[in-house]
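Chemist: Please read through the structure below; I'll follow up with questions.
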There are 2 protein chains.
Amino acid sequence: MSDPLTERTVFVISDSTGITAETFSHSVLSQFQQFQFNAVRIPFVDTVEKAQEVAERISACAQESGSKPLVFSTLVDPRIARIIGAAECNFFDLFGAFVRHIERALGVKSSRSVGRSHSNVTSEQYNARIDAINFSLAHDDGQFVSGLDQADVILVGVSRCGKTPTSLYLAMQYAVKVANFPLIPEDFERGTLPSTLAPYRKKLFGLSIHPERLAEVRNERRPNSTYASLEQSIYEITEAERLMRIEGIPWLSTTNRSIEEISTKILNEVGLNRRSY
Amino acid sequence: MSDPLTERTVFVISDSTGITAETFSHSVLSQFQQFQFNAVRIPFVDTVEKAQEVAERISACAQESGSKPLVFSTLVDPRIARIIGAAECNFFDLFGAFVRHIERALGVKSSRSVGRSHSNVTSEQYNARIDAINFSLAHDDGQFVSGLDQADVILVGVSRCGKTPTSLYLAMQYAVKVANFPLIPEDFERGTLPSTLAPYRKKLFGLSIHPERLAEVRNERRPNSTYASLEQSIYEITEAERLMRIEGIPWLSTTNRSIEEISTKILNEVGLNRRSY
């Protein structure tokens, strides 16, 4: 029997969404698995008054729980950061820790403008994301084959191997236009890719999955069907991997990988891991 | 005429996906708008050999460009971090800067295990995300009304005001089940919410948008239609906002807001800004 996890409260505080501080706290705290961290995100803390309220809430939590909460913040305004830091807590000020060093490296002062990261989106960037999401929705599961020439990436793989979430994630986070196309028993019998895809071979990327996991996922959708049987899963996966090998399509297994990991590997393979900001 | 932006290369290095370091670098560098940062993400740097290759690449970039690149990293292994830090660069080591302080605050040593943040997903967490994405897809645009009782949030608003991307973002990032339902001229003539939604009033959240922006977005889809006219946009938005006010539905405008900001405000309003990890 393993020991029960010790619970700790984490506050994630930002003058904007708090997504950066949340991502960081989640990432660094994954190194402390003896604990269960209960995180409370408090976004849009952009005035002294709001900061004072939040500081009181943090100190009250310290009193109640008997342990100082961990506080992760991306507060641009040092006055607001000081108010939060003065609460009864362990304060981790992400911007404070780095901004001065970055100023020195770049030889200029930072603009100290609140809420820049997510609010300063240009209409162009916004439109690119929305276009990519709409593209991925319209080209999900091979449903719409015209316009494939506009795809940055075309994912192929058997039904339920993770194509749709991966397509949507890449569109949402990176404005990458991703179509996805199922590989079906008909393709395996013929032994070649669907002819629709032939002109786009360089854009193809394959996803695969352990047959046991595939059967599990399919059973949730259509319990006890032939489609969801382990036998069918083994057949489809064996054939799909054989086809991808023959056709020289790069592919990876989605089993035990998060959507983030799968997407990162795809961006890396297709050379789309560069961004300007 | 404004000065041209100074370009700087940024490397984002991680033993895992690099998403944390990328999010942070993007966020903190938005405070330095005199520069255009060209970011190169190098994920999965988890061996000394790979680190040495990357360090050489960074130093070569410094030589070629005549300025030291900024390097943001979330490297768990201090040996690997040291190799990168020894390259010709300004090195910002996110874990290094905080891990010791967090160890002191928690009274334990970190596990220093590589790739924890995204790879250690439990099958439960993965399934919850996939379920939420499938739910949002199935309940997009009011297309499927059964199962609305399972929704955490039901977004309402006129066509093209941003419901679909917001629904998908909340499902993808927070495993929140979000249905979305269009408000259409029929509803405005009747002057009440669609009867399907009546039982779920507490789950409703409204989105609105400036009529000018709405007309712009609709024109991209159906140029020069009545649907996309400014007149129609003004009519629908006026009526939709009136209906939401009468029905007491909380709502916000999506104009000039990123998907992240909209989603954060919704999570905040409906009290879903707590997570355990």
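Chemist: What is the Cα convex hull volume of chain A when expressed per residue in Å³?
Modeler: 182
Chemist: Rounded if a/c is under 1.5, else prolate if a/b is larger than b/c, else oblate: which is the range A:203-277, with a ≥ b ≥ c the root eigenvalues of its Cα gyration tensor?
Modeler: oblate
Chemist: Could you please tell me the mean projected area of the C-alpha convex hull for the range B:6-119, averaged over all directions and given in square nanometres to one decimal?
Modeler: 7.1
Chemist: Something else about it: Any idea what the dipole of the protein assembly as shown comes to, in debye rounded to 20, about its Cα centre with Lys/Arg Cβ at +1 and Asp/Glu Cβ at -1?
Modeler: In total the dipole reaches around 960 debye.
Chemist: Only Lys, Arg, Asp and Glu count, each charged at its Cβ (+1, +1, -1, -1), so figure out the dipole size of the range B:6-119 about its Cα centre, rounded to 20 debye.
Modeler: In total the dipole reaches around 420 debye.
Chemist: State, in angstrom, two size descriptors of the range A:123-269 derived from its alpha carbons: Rg to one decimal place and Dmax to the nearest whole number.
Modeler: In Å, with Rg to one decimal and Dmax whole: 14.9, 50.
Chemist: Taking a 26 Å limit on the Cα-Cα distance, which of the listed pairs A:Lys203/B:Lys163; A:Lys163/A:Lys203; A:Lys50/B:Lys163 fall beyond it?
Modeler: A:Lys203/B:Lys163; A:Lys50/B:Lys163
Chemist: Once every DSSP H run of n ≥ 4 in chain A is given -39500 (n - 2.57) and the sum is divided by its residues, what mean residue ellipticity at 222 nm do you get, rounded to the nearest 500 deg cm²/dmol?
Modeler: Theoretical 222 nm ellipticity from helices: -14000 deg cm²/dmol.
Chemist: Among B:Ser146, A:Gln125, A:Asn90, which residue has its Cα furthest toward the positive end of the charge dipole of the protein assembly as shown, with +1 on Lys/Arg Cβ and -1 on Asp/Glu Cβ?
Modeler: A:Asn90
Chemist: Compute, for the range A:123-269, the length of the dipole vector about the Cα centre, with Cβ point charges of +1 (Lys, Arg) and -1 (Asp, Glu) only. Units Debye, rounded to 20.
Modeler: 100
Chemist: If you build the Cα gyration tensor of the protein assembly as shown and take the root of 5 times each eigenvalue, what three semi-axes come out, in whole angstrom, biggest first?
Modeler: 36, 32, 25
Chemist: Right, something else. With the dipole of the protein assembly as shown worked out from charges on the C-beta (+1 for Lys and Arg, -1 for Asp and Glu) around the Cα centre, which of A:Val178, B:Leu155, A:His26 lies farthest toward the positive end?
Modeler: A:His26
Read-outs throughout are calculated quantities, based only on the coordinates presented, and are distinct from any laboratory measurement. Worth saying up front: this structure is predicted, and the values here are computed from it rather than measured. Virtual Cβ from ideal backbone geometry, glycine too; neighbours counted across all protein chains shown.
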